[in-house]
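What follows is calculated from the coordinates using simple rules that are stated; it is not laboratory data. Source: prediction; values computed, not measured. Cβ placement follows ideal geometry from the backbone for every residue including glycine, while neighbour counts extend to all protein chains displayed.
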Amino acid sequence: MRRTIKRKFSLAPDPTYQDLRVAKLVNYCMERGKKNVARSIVYGAFEDIKTQTKREPLEIFDEAIRNAGPLLEVRSRRIGGANYQVPREVRENRRLSLALRWIIAAAKAKKGKPMRTKLAEEFMAASKNEGEAVKKRENVHKMAEANRAFAHFSW
């Protein structure tokens, strides 16, 4: 007998920017269910971006996501008693979630500043192809390139 199909949760767009990706960013920033705190951090970061760059914060956000999201990643696959790191293409929704996760982790790793400032700095750095999140993407791409010989094991 077949299992029931799992329903995907549909996320409502962000109330201020009317963007689903901003709503996802707020949810990733949220800790212990405090959504208003997460919103104030994200909106504060966007305000900081606007004052420092004199550009629209969503443009910087889009560039940062584009630059931090990986195109390839490696997945472990067990074949004949050995584990191989098989490179695979990354789906669009996973690319977005990985980029957001890496940017937030890089911002949290910095010390001595408010989170909104650290997040704004990380977004601006990622939009210029710099920063920790972009380094993480480069490392993932290097791993995929190094294991390109096992690409024929892809499923």
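If you fit an axis through the alpha-carbon atoms of helix 20-29 and take the longest principal axis of the Cα set of the chain, what angle between them do you get, 0 to 90°, nearest 10?
It is inclined by approximately 90 degrees.
Tell me, which longest segment in the chain has none of the trypsin sites (Lys or Arg not before Pro) that fall in DSSP loops with at most 14 further Cβ atoms within 10 Å? Can you show the working numbers first?
Numbers: sites that count: Arg2, Arg3, Lys6, Arg7, Lys8, Arg32, Lys34, Lys54, Arg55, Arg91, Lys110, Lys111, Lys128.
By the stated rule (loop sites, at most 14 other Cβ atoms within 10 Å), 56-90.
From the residues Asn27, Gly44, Phe61, which one has its Cα farthest along the dipole of segment 1-134 in the positive direction, the dipole being from +1 and -1 charges on Cβ of Lys/Arg and Asp/Glu about the Cα centre?
Asn27
Treat each spin label as a single point 7 Å out from the Cα along the C-beta direction, and report the Ala105 to Lys142 distance in nm.
My value for the distance between the label points is 1.6 nm.
Considering only DSSP states other than H, G, I, E and B, which GluC sites (Glu not before Pro) in segment 97-155 qualify as loop sites with at most 15 other Cβ atoms within 10 Å? Could you put the intermediate results ahead of the total?
Working: sites: Glu121, Glu122, Glu130, Glu132, Glu138, Glu145; in loops: Glu130.
The qualifying sites are Glu130.
Quick check on the chain: helices-only [θ] at 222 nm, where DSSP H runs of length 4 and up contribute -39,500 (n - 2.57) each and the sum goes over total residues. Nearest 500, please.
Numbers: 6 runs with 87 residues, N = 155.
Here the helix-only value at 222 nm equals -18000 deg cm²/dmol.
Run the reach check for Lys34 against lysines, Cα to Cα strictly under 22 Å, same-chain hits fewer than 8 apart removed. What comes back?
The reachable lysines, counting only those whose Cα sits under 22 Å from Lys34, are Lys24, Lys108, Lys110, Lys111, Lys113, Lys118.
Please compute the contact order of the chain in relative form: average sequence separation of alpha-carbon pairs under 8 Å and at least six residues apart, divided by the residue count, as a percent.
Numbers: 188 pairs, mean separation 38.8, N = 155.
Computed value for the chain: 25 percent relative contact order.
Using a simple spin-label model with points 7 Å from Cα along the Cα→Cβ vector, what separation in nm is obtained for Phe150 and Asn93?
2.7 nm
Can you compute the charge dipole magnitude of segment 1-109 about its Cα centre, using +1 on each Lys and Arg Cβ and -1 on each Asp and Glu Cβ, nothing else charged? Give it in debye, rounded to the nearest 20.
Value, rounded to 20: 900 debye.
Which of Leu25, Leu119, Leu11 ends up with the largest GNM mean-square fluctuation for the chain, with Cα atoms connected below 10 Å?
Residue with maximal mean-square fluctuation among Leu25, Leu119, Leu11: Leu11.
Taking every pair of alpha-carbon atoms in the chain, give the share separated by more than 27 Å as a whole percent. Before the final figure, lay out each step's value.
On the way: 4042 of 11935 pairs.
Summing the P(r) tail past 27 Å for the chain gives 34 percent.
Within segment 1-82, list the chymotrypsin sites (Phe, Trp or Tyr not before Pro) lying in a DSSP loop whose Cβ has at most 11 other Cβ atoms in a 10 Å radius. Intermediate results must be reported in sequence, preceding the final value.
Working: sites: Phe9, Tyr17, Tyr28, Tyr43, Phe46, Phe61; in loops: Phe9, Tyr17.
Answer by residue number: Phe9.
If each residue of separation counts as 0.36 nm, what is the full-extension length gain between Lys50 and Lys35 once their alpha-carbon separation is subtracted? Show your work: numbers first, answer last.
Numbers: separation 15, 0.36 × 15 = 5.40 nm, distance 2.23 nm.
Full extension from Lys50 to Lys35 adds 3.2 nm.
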